[in-house]
Structure formats: structure tokens, C-alpha cells
Amino acid sequence: MMTINRSKVVIIGAGLVGSSTAFSLITQGVCDEVMVVDINKDKARGEVMDLCHCVEYLNRNVKVSEGDYKDCGDADIVVITAGAPPKPGQTRLDTLELSANIAKSIVGPVMESGFRGHFLVVSNPVDIIAHYVYKLSGLPKNQVIGTGTAMDSARLKYFLGELFNIDPRSIQGYTMGEHGDSQMCPWSHVTVGGKRIYDILEDNKEFDKVNLEEIVKRITRVGFDILEVKGTTCYGIATTAAGIIKAILNDENKIIPVSTLLEGEFGEYDVFCGVPVILNRSGVKDVVEVHLTEAEKVKFKNSVKVIREYTNKLLS
């Protein structure tokens, strides 16, 4: 008798990020079933009804349903998007207490359902909340993942693509550390079509006024620029989440910079932060421990220090 394995993703939080993530999953046909859970059941029901009406024009009939925590037992991945968005003048770190309370209210009931899959944490401050979910769930470290600097890295490639008039997908590079103001970019590993960015800047005098650190600052602030004019960011992070989910479910062994627990990598211990990892069906298969310059090491450690300070406040 043929055995059919169906993939199921549960999204907790039916706000703009959660509903956009569901939309991205079904339009890309990433999984067999998407379930939406929200404390506001009417909101979840409305989103599901709307999403169901996409199916006719998609390349795959993805089942979309509303559910509850008790329905998470057979899920491959539970995505936590519920959280507290920063108010004007706040940073992501300022939302920690409220987001942590929300995460605590979610993880217990999900684990009681018998869930043994992967948690993907989107809620900010994502590095610290991912660590909290790891502690609360008791799952192995490879099965609890934060979106980390995956979105920031996509923004990095976009900005460089605009600068050089190159398809962002032809650019290799990422940011690391906190998904926040202290993140850094290991420029020594950024290449365009295999050519080091330092060599591009040196060989092309029209780029002699390019300030790489200003680009990092733009990456850290652009989310707040979007927040200011439209109220939230949703499409970029939703598609980022879908890309991480796809890498896991399809066993892709794809390298994406996500937030994961470090246990000696880059000289850091017991902290979740954004680093390049290999993602496959097991979750985080391995951390890609790139060699940083001395200056890059200092910036990375400074970013980790910020994460650790807030993590210790929460976990103490």
C-alpha cells in the first residue's frame, strides 16, 4: 500500500505578517496544508475564507483551514508571527516583554498537542524570542529557528543590486548578529558573480564614494521607514519565512542566515543570533562558520552582546 506523506504548516497569528506568510506559502505551493490560528477566531476565519478562493488560479490545490493549538500535533512546522509591533520611537527590543508573554501563551498549548516538529519564530525581537521558545518547548536546538537576518540579507542584496544594476540573486552575502540596530555585515565575504565587493569598488572609480557602513545602516532602518509610511512590513518577511519553510520541507540543504543557538561557533555560547546555516529536513543541519576579519569579529561580538543582555533579562 502506498504511503502518502502530507506536509502541514500552522501559522499562529492572522495579522498582516501571518496572513501574508499563508498567502506566500499557498501561491508558491510550498506545502499540502496551511492552517491559521489566532486568538481572534473571526479574523482567522476571514483570512482562511479569502485564501481558499485563490486555489482556482494556483498551480496546486493547497488545503487552507482555521484551527486551534490542539491541531498542531501533526504539523511539520509551526510559525509564530503573533507579537507586539514597535510603536513610533521604539526599537524591536522595546517590544520584548509583551512579545515574550505572547510566545509563552502559545508554546505551552502547542507542545501539549503532541507537536514535535519545527518552530519558526518571526515575532520580534526575533533572536531573543526564538531562544525563549527553545527554552519553553524543550525541543532540540536544530528544530527552533528564528528568521534572524534572513530578511536583512535580502535587503542587503537588493540595495547592492540597485547600486550595481545587477540582479540581487547574482549577489552573495549576508548580515549577521542581531535582527536589529547592532547587526553587521562581513563585507569580506560579499561577492557579485564571484568577484569580491572590495575589488569591484577598487576597479570602478564611479563607486569610489560608496560607504559600505551606510548601506548597513540603511538595512537596519528600512523596516522602520516602511512602518512609518504603511504601518507594518509584511511581504518581505512573509516571503522570507516561506523560503525558510521551503528549504526545510524540501530538504534543500540551502544556506540561509537564520537565528540559531550557538554552542561554540564564532566563539559564542548559549545565544541565538543570525548566522549562515544549512537548512534541510532536520532544521538547522549545521552552522557555516565563515572566517571573519578581526574588525568583523569585534562588530559581531558587539551585536551578540546586545542580544545576550536582553536574553539574560528575560531568562533570569
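A short reminder: the numbers here are calculations on the coordinates, not readings from a lab. The model shown is predicted, which means the values in this text are computed figures rather than measured ones. Cβ sites come from the backbone with ideal geometry, for glycine too, and all protein chains shown count toward neighbours.
How do the peptides 29-42, 61-74 rank, highest first, by the average count of neighbouring beta carbon atoms within 10 Å per residue? Before the final figure, lay out the partial values.
Working: 29-42: 18.9, 61-74: 17.4.
So the order, starting with the most tightly packed, is 29-42, 61-74.
When DSSP assigns beta bridges and you keep just the ones with both residues in the chain, what percent turn out antiparallel, to the nearest 5? Here the antiparallel bridges make up roughly 50 percent for the chain.
With 15 Å as the cut-off, how large is the P(r) tail for the range 1-77, expressed as percent of Cα-Cα pairs? Tail of the P(r) past 15 Å holds 51 percent of the pairs. Using only Cα atoms, tell me the angle between helix 16-28 and the longest principal axis of the chain; keep it within 0 to 90° and round to the nearest 10. Relative to the chain, helix 16-28 is tipped by roughly 90 degrees.
Between 0 and 90 degrees, rounded to the nearest ten: what's the tilt of helix 126-137 against the longest Cα principal axis of the chain? For helix 126-137, the angle is close to 40 degrees.
For the chain, the convex hull drawn through the C-alpha positions has a volume of 149 cubic angstrom per residue.
Under a Gaussian network description of the chain, with springs only between Cα atoms under 10 Å, the residue in GLU252, GLU178, GLU214 that fluctuates furthest is GLU214.
Per-residue Karplus couplings for the range 288-301, computed as 6.51 cos²θ - 1.76 cosθ + 1.60 with θ equal to phi - 60°, are listed in order as 8, 8, 5, 7, 9, 6, 4, 5, 5, 4, 4, 5, 5, 5 Hz, Gly and Pro entered as x.
For the options GLY180, GLY18, GLY194, a Gaussian network treatment of the chain with springs between C-alpha atoms closer than 10 Å singles out GLY194 as fluctuating the most. Taking every lysine pair in the range 10-153 that is 8 or more places apart or spans two chains, those with Cα atoms closer than 30 Å amount to 19. Normalising the average separation of contacting C-alpha pairs (under 8 angstrom, six or more residues apart) by the number of residues puts the relative contact order of the chain at 17 percent.
Comparing ASN59, ASN250, ASN302 in a Gaussian network model of the chain, where Cα atoms under 10 Å apart are tied by springs, the biggest mean-square fluctuation is seen for ASN59. Percent of C-alpha pairs per 10 Å bin in the range 110-225, short distances first: 13, 38, 25, 16, 7, 1, 0. For the range 86-159, the C-alpha radius of gyration sits at 1.21 times the compact-globule guess of 2.2 N^0.38 Å, with N the residue count.
Judged by the gyration tensor of its Cα atoms, with axes a ≥ b ≥ c, the range 175-316 is rounded; a/c sits under the 1.5 cut.
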